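To start, the structure under review is shown below, and the notes come after it.
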Amino acid sequence: MKMLYCPYCRGLVTVRPCNNYCLNVMKGCLANQADLDTEWNLFIDAMLLVAERLEGPFNIESVMDPIDVKISEAIMNMQENSMQVSAKVFQGCGQPKPAPALRSARSAPENFNTRFRPYNPEERPTTAAGTSLDRLVTDIKEKLKLSKKVWSALPYTICKDESMTAGASNEEECWNGHSKARYLPEIMNDGLTNQINNPEVDVDITRPDTFIRQQIMALRVMTNKLKNAYNGNDVNFQDTSDESSGSGSGSGCMDDVCPTEFEFVTTEAPAVDPDRREVDSSAAQLGHSLLSGSLVCMVLALQRLCR
């Protein structure tokens, strides 16, 4: 308010604030947000690592593309070696009983091979966004790179706006907080602790913002999860938004020494969780169900061949 409207009281309606004056004001007002920058950059780096896993041999489209060809080859191999397969089935299951009515032999449809074929480059499968996964990953990586240092660059982004300041090239004809003249004080560094001598904003560096400290811890935990995912470890991405959102109790984390309330599970160091047995039991039930279903399908297939 002082930076933007005090010139009006002096009759300097058309004079805009000096660029360096704006930077000191914004660095003081956004001191706590600037402290997010370090953990934010590490988080972006971890995101870029995971994005790289979606490229090359880890690209799911590259993995899925040849599956239809493999299925086609398996069916054709089954048809070409039907006599050997039938003999093995008869050997294990016994000779089949004669069927009451002869069924007409079925042959593969003429368009069988056309249904099982690899995609041409122009016919790559597309995602909901209308583009292939590799292009999506490339686009995401470019946007992630642009978002690095976003918090430390925020004051510069605001003060670069022509409607906000007189610009870096006009340092003589601008409002310096007292008059129409050059702004002489030096520009403060980023972060809360560097605002102790900010000439424009009175910042209490002994009272960091509690919410910002919680966000720093959340970024730190998420970065660790992404790094474990990049290394191929199983990670429990359980929603911890309820745990991370405080009710304003006033207890903050000083000097980055704060026990985290977040826990995640990796294959290297599995956590002991009381709910783990329930998850394991449900997983075991699912595994048994899948195994039973597979056995039933195999039995039905053998019975059909025996007929």
(message) Highest mean first, how do 191-204, 28-41, 84-97, 214-227 rank when packing is the count of other Cβ atoms within 10 Å averaged over residues?
(response) 28-41, 214-227, 191-204, 84-97
(message) If I model a spin label at S72 and Y5 as a point 7 Å from the Cα along the Cα→Cβ vector, what separation in nanometres do I get?
(response) 7.2
(request) Evaluate the distance, in nm, between pseudo-label points positioned 7 Å from the Cα of D161 and of L49 along their respective Cα→Cβ axes. (result) 3.6
(request) List, in the order given, every pair from K27/K143; K2/K148; K145/K227; K2/K180 whose Cα-Cα distance in the structure shown is over 20 Å. (result) K27/K143; K2/K148
(message) Cβ neighbours within 10 Å, averaged per peptide: list 153-161, 65-73 in order, most packed at the top.
(response) 153-161, 65-73
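Laboratory data are not the source of any read-out in this text; all were calculated from the coordinates shown. Keep in mind that this is a model prediction, so the values were computed, not measured. Because the Cβ atoms are built from the backbone with ideal geometry, glycine has one as well, and the counts that use them run over all protein chains shown.
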